[in-house]
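**Student:** Can you read through this structure? Questions will come right after.
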Amino acid sequence: MIPIEICIECDTLVTLRESVRSAFVGGASRIELCRDMAMDGLTPSREDIEAAREIFIRPGVMAMIRPRAGDFYYTSSEIKKMQQHIDMAASAGADGVVFGALNRNRKVDIKNLGILIDTARSKNLSVTFHRAFDAVSQPLPALHTLIDLGVDRILTSGIPWGHSGTALDGKSRLQEIIAEAADRIEIIIAGGVSPHNAGEIVTQLSKPFGRISLHAYSGVRKKGLTDIGLVQQLVSVVGQYADPPPLAF
């Protein structure tokens, strides 16, 4: 099966709980908790993570680790703050963390990213490199760097950061990234994913898919909340395109 990840905006605890419940009952494999989505997502609070953990009782609670809006070039003091956020997320019950770090040359910041990964691993957390990947100057070398560093997943739309469009617009780059990954890392496909286009997004990718998942936010929301019906539709649509299990003899 192709996992479905739902991005949850941590607005109030009441709306958070309702959205997490919809994602859980709707069949999502994972949730990504973010505050301030108008700023492309910042670190949620301890209370946000703890509330989500109470409801999403299977593994799959991911916490964004991003101390501020803007670029992905972080100072040493910001990296220390991100380490503190990782420690907080772990103690609050998260299963994984989501972060990224680049240098001024738009390449992966190996030194600082290594510090963050080591911090996450010390807490037994999985690691997703977020859409800072779409801001790198050369995606394929960056992919190999992230594989070498031991990152578990990469979130990407296939569209350069700052440009509009959906994963359908980024399909050529996505195909290239998935092929190059060669099952060594999971590629999370993001960018306008919804029940209405998920089937087309998946069918545009060459089989075998490798290790992929889909990430949705606005495409599964109604009236500012994650909608259980839309999550169920997304899970159902994508489930039709999963490779069948091998026959047993």
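**Student:** Keeping to segment 162-183, report how many residues are farther than 23 Å from ILE65 by Cβ and not in a helix (DSSP H, G or I).
**Tutor:** Here the count works out to 10.
**Student:** Can I ask one more? I'd like the residue in segment 62-71 that is of a type in the set (A, V, I, L, M, F, W, C) and touching a residue at least 60 places away in the same chain (Cβ under 8 Å) and, out of all such residues, is farthest from ARG104 (Cα to Cα).
**Tutor:** MET62
**Student:** Go over the candidates PRO59, PRO44 one by one and state the one that is free of Cβ contacts under 8 Å to residues at least 60 places away in the same chain, under 18 Å from the mean Cα position of the chain (by Cα) and buried (at least 18 other Cβ atoms within 10 Å of the Cβ).
**Tutor:** PRO44
**Student:** Would it be correct to say that ALA51 is surrounded by fewer than 20 Cβ atoms within 10 Å (Cβ to Cβ) and of a type in the set (Gly, Ala, Ser)?
**Tutor:** no
**Student:** So, in segment 130-161, of the ones that are assigned to a loop (DSSP other than H, G, I, E, B) and either in contact with a Pro (Cβ under 8 Å, 6 or more places away or on another chain) or of a type in the set (Ser, Thr, Tyr) (or both), which residue ends up nearest to ALA182 (Cα to Cα)?
**Tutor:** SER157
**Student:** Assess whether VAL127 counts as being outside any loop (DSSP other than H, G, I, E, B), in contact (Cβ under 8 Å) with a residue 12 or more places away in the chain, surrounded by 22 or more Cβ atoms within 10 Å (Cβ to Cβ) and touching a strand residue (DSSP E or B) at 6+ places or on another chain (Cβ under 9 Å).
**Tutor:** So VAL127 passes the test.
**Student:** Considering only segment 226-242, I want to know if a residue exists there that is outside any helix (DSSP H, G or I), surrounded by 14 or more Cβ atoms within 10 Å (Cβ to Cβ) and at pLDDT 90 or above.
**Tutor:** yes
**Student:** Tally time: how many residues in segment 101-124 are assigned to a helix (DSSP H, G or I) and under 19 Å from GLU50 (Cβ atoms)?
**Tutor:** 1
**Student:** A follow-up question, please. What number of residues within segment 72-94 are touching a strand residue (DSSP E or B) at 6+ places or on another chain (Cβ under 9 Å) and touching a residue at least 40 places away in the same chain (Cβ under 8 Å)?
**Tutor:** Residues that pass the stated criteria total 7.
**Student:** For segment 5-23, which residues satisfy the criterion of being more than 17 Å from LYS222 (Cβ to Cβ) and crowded, with 17+ Cβ neighbours inside 10 Å?
**Tutor:** Listed by number, the residues that qualify are GLU5, CYS10.
**Student:** Out of the residues in segment 160-170 meeting the condition of being of a type outside the set (Gly, Ala, Ser) and surrounded by 17 or more Cβ atoms within 10 Å (Cβ to Cβ), tell me which one is farthest from the chain's Cα centre (by Cα).
**Tutor:** Once the filter is applied, the top-ranked residue is LEU168.
**Student:** Identify all residues within segment 187-197 that are touching an Asp or Glu at 6+ places or on another chain (Cβ under 8 Å) and either part of a loop (DSSP other than H, G, I, E, B) or surrounded by fewer than 19 Cβ atoms within 10 Å (Cβ to Cβ) (or both); write none if there are none.
**Tutor:** Within segment 187-197, just GLY191 meets the criteria.
**Student:** Using the structure shown, decide if GLY93 is buried (at least 22 other Cβ atoms within 10 Å of the Cβ) and either touching a Lys or Arg at 6+ places or on another chain (Cβ under 6 Å) or more than 24 Å from ALA198 (Cα to Cα) (or both).
**Tutor:** So GLY93 fails the test.
**Student:** Determine, yes or no, whether SER126 is more than 26 Å from TYR217 (Cβ to Cβ) and small (Gly, Ala, Ser).
**Tutor:** For SER126, the condition - more than 26 Å from TYR217 (Cβ to Cβ) and small (Gly, Ala, Ser) - is not met.
The values are calculated or read from the model by the stated rules, or taken from the named source; none is laboratory data. Keep in mind the model is a prediction, meaning the values are calculated, not measured. Every residue, glycine among them, receives a Cβ derived from its backbone with ideal geometry; neighbour counts consider all protein chains shown.
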